[in-house]
1. Pick from region 32-64 the residues that are at pLDDT 90 or above and closer than 30 Å to S97 by Cβ: which of them is surrounded by the most Cβ atoms within 10 Å (Cβ to Cβ)?
2. Can you list the helices (runs of 4 or more DSSP H) lying wholly within region 1-55 that have 3 or more residues being touching a strand residue (DSSP E or B) at 6+ places or on another chain (Cβ under 6 Å) and not assigned by TED's automatic domain parsing to the domain that holds L69?
3. Residues in region 43-72 that are small (G, A, S) and within 12 Å of L107 (Cβ to Cβ): how many?
4. Would you mind finding the one in A136, A124, A116, A131 that is in contact with a Cys (Cβ under 9 Å, 6 or more places away or on another chain) and either of a type in the set (F, W, Y) or surrounded by 14 or more Cβ atoms within 10 Å (Cβ to Cβ) (or both)?
5. Which of the residues that make up region 98-144 are polar (S, T, N, Q) and outside any helix (DSSP H, G or I)?
Amino acid sequence: MASDLFDVSIDFETSHLFFPTLVHWILGGLLALILITKVAPFLAAVKRGERALPIVSESRDNLRFFATLALIPAYFALMAIVGDLFPYTGYGFLFVSMAFVLCMSLLYLHDWTKKALVIVVVNAVVAPSLAWFVLAKLFTITLP
């Protein structure tokens, strides 16, 4: 009878779902807490006219805003397309990430000096290359 307390049976068909389910419930609870403590008072202040909705009622740089909204889906779509040209190498991630970092950096670059452009280009080559090397080569993670 005492040995029953120490017997453990694991259902391997569903045991891998325990922690993701637990994390989902915790994240859901935190989301509810944020909505109650931060969003509800903010929306009440907007309704009273004390605050304004971000993006909608503030001035913004439309070129950068809409270019960013276009570059992000293009990044993911092109990563799959280029990745299919070089299967199982991660070159899709590498080449498209280089182009994405370059375009985003140039989009948000204010002072177009020779030094700034060199830094942008070096960063666009080095940062994705380093990420690709660490993920694809050191940790052997499959990249698109």
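The values are calculated or read from the model by the stated rules, or taken from the named source; none is laboratory data. All of these numbers come straight from a predicted model, not from anything done at the bench. Virtual Cβ from ideal backbone geometry, glycine too; neighbours counted across all protein chains shown.
1. Here the residue is R64.
2. Numbers: elements: 2-5, 18-34, 40-48.
In region 1-55, no matching helices (runs of 4 or more DSSP H) lie anywhere.
3. Taking region 43-72 and keeping what is small (G, A, S), we get 44-45, 49, 52, 57, 59, 67, 70.
In the following step, the residues that additionally are within 12 Å of L107 (Cβ to Cβ) were identified as 67, 70.
Number of matching residues: 2.
4. On the way: A136 fails: in contact with a Cys (Cβ under 9 Å, 6 or more places away or on another chain); A116 fails: in contact with a Cys (Cβ under 9 Å, 6 or more places away or on another chain); A131 fails: in contact with a Cys (Cβ under 9 Å, 6 or more places away or on another chain).
Just one listed residue meets the conditions, A124.
5. So in region 98-144, the residues polar (S, T, N, Q) come out as 105, 113, 123, 129, 140, 142.
Of everything in region 98-144, those that are polar (S, T, N, Q) and outside any helix (DSSP H, G or I) turn out to be T113, T140, T142.
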